[in-house]
Amino acid sequence: KQAVGELLREMEKLGVKFVIQNYAFEGTVIFNEFASLFADNGNQGLLSNVHDTKLEASYVNENEALGLKKLSKLYFDYDQVEYKAVTMIDGVPHKMRELTAAHVKDYGCDDTICTISLHNFFKLFMQLEHTWDVYEMVEIDAMYQHTQNFIKGFRCDVAKCKELEAIDDAT
């Protein structure tokens, strides 16, 4: 586990761009395991240099579901390997950790291949529409804040929210 964290940190220091589907979830997982390794990177313990294909997908078509399997089917007509199909052997469910690496390889690589393929498609699409720079300027910082809010929570002034809601309704 420590070696994975150190590899991520070295890659981050080199400026490698990480492409992740749903950083709010995956970033939290990485934070929970490796926050101390990223404590001094300017993102409060979160992995830096990230693009999120879930956010990118919303720029391409905000009316579609943003899950990786649905996006892979929609844009590539590709059915990803299902967890249940991998872990169910002869009608008996198994835990992933009970299976060999050879048995779960296709499942393990599927998300990675689909994520980078979608990112390449979304980036090209947004560059052609001239929205890539907007995505980078607007979404990335918000993605980190959203993930921090998920990890640490956030204060909500209910009275102020009600006030703003009333103004919105009147408008």
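The values are calculated or read from the model by the stated rules, or taken from the named source; none is laboratory data. Computed from a prediction, not measured in an experiment: that's the story for all the values here. Cβ sites come from the backbone with ideal geometry, for glycine too, and all protein chains shown count toward neighbours. Protein only, heavy atoms only, side chains kept; ligands, DNA and RNA dropped before computing areas. Shrake-Rupley method; radii C 1.70, N 1.55, O 1.52, S 1.80 Å.
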The stretch 30-66: number of residues that are over 23 Å from residue 133 (Cα atoms) and within 12 Å of the chain's Cα centre (by Cα): 1
From the option list 65, 35, 57, single residue qualifying as assigned to a helix (DSSP H, G or I), surrounded by fewer than 20 Cβ atoms within 10 Å (Cβ to Cβ) and of a type in the set (A, V, I, L, M, F, W, C) is 35
Restricting to the stretch 5-29, what's the tally of residues that are under 16 Å from the mean Cα position of the chain (by Cα), open to solvent by 40 Å² or more (accessible area, probe 1.4 Å) and small (Gly, Ala, Ser)? 0
Restricting the stretch 44-54 to residues that are open to solvent by 40 Å² or more (accessible area, probe 1.4 Å) and assigned to a loop (DSSP other than H, G, I, E, B), the residue that is nearest to residue 26 (Cα to Cα): 49
Suppose we filter the stretch 104-163 for residues that are assigned to a loop (DSSP other than H, G, I, E, B) and exposed (fewer than 14 other Cβ atoms within 10 Å of the Cβ); how many remain? 6
Pairs, please: C-beta under 6 Å, at least 6 apart or cross-chain, first residue open to solvent by 70 Å² or more (accessible area, probe 1.4 Å) and in the stretch 73-88, second among the polar types (S, T, N, Q)? 78/72
